[in-house]
Amino acid sequence: MQAADIIVTNARILTMDKISPRAEALAISGNRLIAVGKKEDVAGLKAKHTRIIDAQGKTVLPGIIESHVHIFPGSVELDSLMVTGVEGIEALTRAVRSYAAQRPDDRIIVANGANYMTIRPSGVITRHDLDQVLPDRPFILCCFDHHTVWANTAALKAADILHGRNLPPGNEIVMGPDGLAMGELKEFAAYGPVFALTPTQGRESLGLTTGEGPVPPASDADRRADKAALKRGLAYCASLGITSIHNMDGNFYQLELLDALRRDGDLICRVQVPWHQKNNFAPERVDEAVEMRARYNDDMLYSGRVKIFMDGVIESMTALMLDDYPGHPGERGFALFTAEEFNAVAARADKHGLQIGVHAIGDAAVRRTLDGYAYARKVNGTRDARHRIEHIEVIDPADIPRLKELGVVASLQPIVGLGVPGVALEPCRERIGAKLPYSYAWQTLRAAGAHMSFSSDWPVSPLDPLQGMQSAMTQSPIAANCPPQRQSLMDTLAAFTSDGAYTEFAEAKKGRLVPGLLADVVVYDGDLEATPAEELAQIKPAVTICDGRVTFEAA
């Protein structure tokens, strides 16, 4: 057997492999695992050049597979003002004005991470509120969920949307009785014009907002800035033990940037980027996903998936529901695709052998998505498609067994569920109402046999997988009539590793620590099994290895 380039020893290795679940050491040669087992057996692979990493009795896992992330927006936001936890207009004003004073040349000031009740408990935020915060410069306040943005009057004027604008269905510039925009911009097409005022001109969000590349095309200087942002974001991922990313927005421009980073040796996480089939695209445009798959198809940068948004979010009542929102007669949210439109796209994508991932938060959106997958199976025949549904925040009981029946993966974000410590119950709880027992129903779905993967939806929520693990394992019932949804440690770890690999058809390549598989490894500074669930987020990666290369090492 060849000598090892890296040996990790004195470890509590959780291999996530059912045949050999535990080990003490592992060896890496090139980008592959060549041995996993007892310390004394692996030690024989040491050579003069071998690097020894002493895990000091701490946990070692397969590299984390982040199954739902927006790498480009998240990377750019690392350099922005974050107002998570800021409550009240006075505190917001202090934070924004201090930040604005440090950015005198920025055309617009952007604050990220707000919630619907940042200014007042009612959840109402208007341009007049933001005029008080920053009266003399364009300013936007972005909700953590990235489905709502609030803009002051100067920003609305600069973006030429103070008097409204025609938008695709499901997007809204909320208008006031005076015929002027109130300041609330719902969904991507509504807030795209204000993001065009930012230093990046919104290029980081095009994979969400338009699915197209920059218009006009990005300059060389733009590309350098965007590559630098992505490089910073990938380094942040590596620092958290992440070795693979399922990106949830995409265009060819983003892939070109990542490919340039790969050529430079700076692509330090594996990245899958989808084709984003917008609701204003003809069904035939899904064929472009085939070209994307053909052009990008190795183990570091790859495509092969179609992303679709079926609805919005519960907070702004844009999530598509089977019944009226409590207290809002006739209001059931927005469908971004009719059943017929989605069926056509799903069948076409499925015929090409493409995986489909659909953002579906409301129970009606989940049902429409499942119906579309069933239609694709009827038209094209049954195959191991592993189509996905992202989020599933509310599901009708009748649809729970359909996930297993159709082989659909539930791609969930436990860090955003109601009942998770630190997550506000309102306005979601009151807008879900009587459906709470079937909301954020992770364990219910697992018990029904659904394949599951866990993730963060960064930058919607914190990226740190240990925070996500802690959330999954500590959720309290939302109400007295709600079943417990807490996850076990091993189920949680699998959902961030081996189950994530299954989700992307890569279970024979990664997600487990087994000889012959890709060398993606994370060494932690603590023992996950000995740590109370409430303290998991205190553990940090000590070393991250992706493709046999050390991509992060704690100081």
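Among the residues of the range 128-159, those that are of a type in the set (Asp, Glu) and free of Cβ contacts under 8 Å to residues at least 40 places away in the same chain comprise Asp131, Asp136. The number of residues in the range 497-510 that are farther than 16 Å from Val271 by Cβ and part of a loop (DSSP other than H, G, I, E, B) comes to 3. Residues of the range 374-403 that are closer than 28 Å to Cys428 by Cα and either touching a residue at least 60 places away in the same chain (Cβ under 8 Å) or crowded, with 24+ Cβ neighbours inside 10 Å (or both): His387, Arg388, Ile389, Glu390, His391, Ile392, Glu393, Val394, Ile395, Asp396.
Asp54 passes every criterion in (1) closer than 30 Å to Gly30 by Cα; (2) of a type in the set (Asp, Glu); (3) touching a Pro at 6+ places or on another chain (Cβ under 8 Å) apart from (3). Condition check: over 30 Å from Pro135 (Cα atoms), exposed (fewer than 15 other Cβ atoms within 10 Å of the Cβ) and not hydroxyl-bearing (Ser, Thr, Tyr). Does His49 satisfy that? It is true that His49 is over 30 Å from Pro135 (Cα atoms), exposed (fewer than 15 other Cβ atoms within 10 Å of the Cβ) and not hydroxyl-bearing (Ser, Thr, Tyr). Applying a threshold of 6 Å to beta carbon distances and a minimum spacing of six or more residues, or different chains, the list of pairs starting in the range 63-88 at a residue that is over 19 Å from Pro541 (Cβ atoms) and ending at one that is among the acidic types (Asp, Glu) and assigned to a helix (DSSP H, G or I) reads Phe72/Glu204; Pro73/Glu204; Val76/Glu204. Considered as a group, the residues in the range 232-248 that are under 15 Å from the mean Cα position of the chain (by Cα) and outside any helix (DSSP H, G or I) include one that is surrounded by the fewest Cβ atoms within 10 Å (Cβ to Cβ), and that residue is Leu240. Within the option set Thr209, Thr198, being among the β-branched types (Val, Ile, Thr) and farther than 20 Å from Asn279 by Cβ holds for one residue only, Thr198. When the residues of the range 336-363 are narrowed to those that are touching an Asp or Glu at 6+ places or on another chain (Cβ under 9 Å) and surrounded by fewer than 21 Cβ atoms within 10 Å (Cβ to Cβ), which ends up nearest to Ala289 (Cα to Cα)? In this case the residue turns out to be His352. The residue list Arg383, Arg429 contains one member that is of a type in the set (D, E, K, R) and part of a helix (DSSP H, G or I), which is Arg429. Of all the listed residues (Ala339, Ala344, Ala365), the sole one being farther than 21 Å from Glu187 by Cα and either free of Cβ contacts under 8 Å to residues at least 60 places away in the same chain or in contact with a helix residue (DSSP H, G or I) (Cβ under 6 Å, 6 or more places away or on another chain) (or both) is Ala344.
Taking the criterion of being surrounded by fewer than 24 Cβ atoms within 10 Å (Cβ to Cβ), of a type in the set (A, V, I, L, M) and over 19 Å from Leu536 (Cα atoms), the residues of the range 419-449 that qualify are Ala424, Leu425, Ala434, Leu436, Leu445, Ala447, Ala448.
Going through (1) at negative phi; (2) at pLDDT 95 or above; (3) part of a strand (DSSP E or B) one by one, Ile161 falls short only on (3).
Which of the following residues is in contact (Cβ under 8 Å) with a residue 40 or more places away in the chain, assigned to a strand (DSSP E or B) and crowded, with 19+ Cβ neighbours inside 10 Å: Glu204, Glu184? Matching residue, one of Glu204, Glu184: Glu184. Please determine whether any residue of the range 98-112 is farther than 21 Å from Val460 by Cα, of a type outside the set (A, V, I, L, M, F, W, C), crowded, with 16+ Cβ neighbours inside 10 Å and touching a Phe, Trp or Tyr at 6+ places or on another chain (Cβ under 8 Å). No, because not a single residue in the range 98-112 is farther than 21 Å from Val460 by Cα, of a type outside the set (A, V, I, L, M, F, W, C), crowded, with 16+ Cβ neighbours inside 10 Å and touching a Phe, Trp or Tyr at 6+ places or on another chain (Cβ under 8 Å).
Does Ile119 satisfy the criteria of being modelled with pLDDT under 95, surrounded by 21 or more Cβ atoms within 10 Å (Cβ to Cβ) and not aromatic (Phe, Trp, Tyr)? Judged against the criteria, Ile119 is a match. Every condition in (1) buried (at least 23 other Cβ atoms within 10 Å of the Cβ); (2) aliphatic (A, V, I, L, M); (3) touching a Lys or Arg at 6+ places or on another chain (Cβ under 9 Å); (4) closer than 26 Å to Ile71 by Cα holds for Ala494 except the one numbered (3).
Go through the residues of the range 128-137 one by one and say whether even a single one is at pLDDT 95 or above and touching a Gly at 6+ places or on another chain (Cβ under 7 Å). There is at least one residue in the range 128-137 that is at pLDDT 95 or above and touching a Gly at 6+ places or on another chain (Cβ under 7 Å). With respect to the conditions (1) part of a loop (DSSP other than H, G, I, E, B); (2) modelled with pLDDT of 95 or more; (3) buried (at least 23 other Cβ atoms within 10 Å of the Cβ), Val313 lacks only one, and its number is (2). All conditions in (1) among the small types (Gly, Ala, Ser); (2) surrounded by 21 or more Cβ atoms within 10 Å (Cβ to Cβ); (3) in contact with a strand residue (DSSP E or B) (Cβ under 9 Å, 6 or more places away or on another chain) hold for Gly176, with the sole exception of (2).
Okay, residues lined up against (1) hydrophobic (A, V, I, L, M, F, W, C); (2) assigned to a loop (DSSP other than H, G, I, E, B); (3) on the phi < 0 side of the Ramachandran plot:
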{"site": "Leu230", "(1), (2), (3)": "yes, no, yes"}
{"site": "Tyr253", "(1), (2), (3)": "no, no, yes"}
{"site": "Asp259", "(1), (2), (3)": "no, no, yes"}
{"site": "Asp266", "(1), (2), (3)": "no, yes, yes"}
{"site": "Asn280", "(1), (2), (3)": "no, yes, yes"}
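Here is a check on your reading of the model: is Arg386 within 22 Å of the chain's Cα centre (by Cα) and farther than 29 Å from Ile478 by Cβ? It is true that Arg386 is within 22 Å of the chain's Cα centre (by Cα) and farther than 29 Å from Ile478 by Cβ. Looking across the range 485-496 at every residue that is in a loop (DSSP other than H, G, I, E, B) and within 20 Å of the chain's Cα centre (by Cα), the one that is farthest from Val409 (Cα to Cα) is identified as Gln487.
The values are calculated or read from the model by the stated rules, or taken from the named source; none is laboratory data. Worth saying up front: this structure is predicted, and the values here are computed from it rather than measured. Virtual Cβ from ideal backbone geometry, glycine too; neighbours counted across all protein chains shown.
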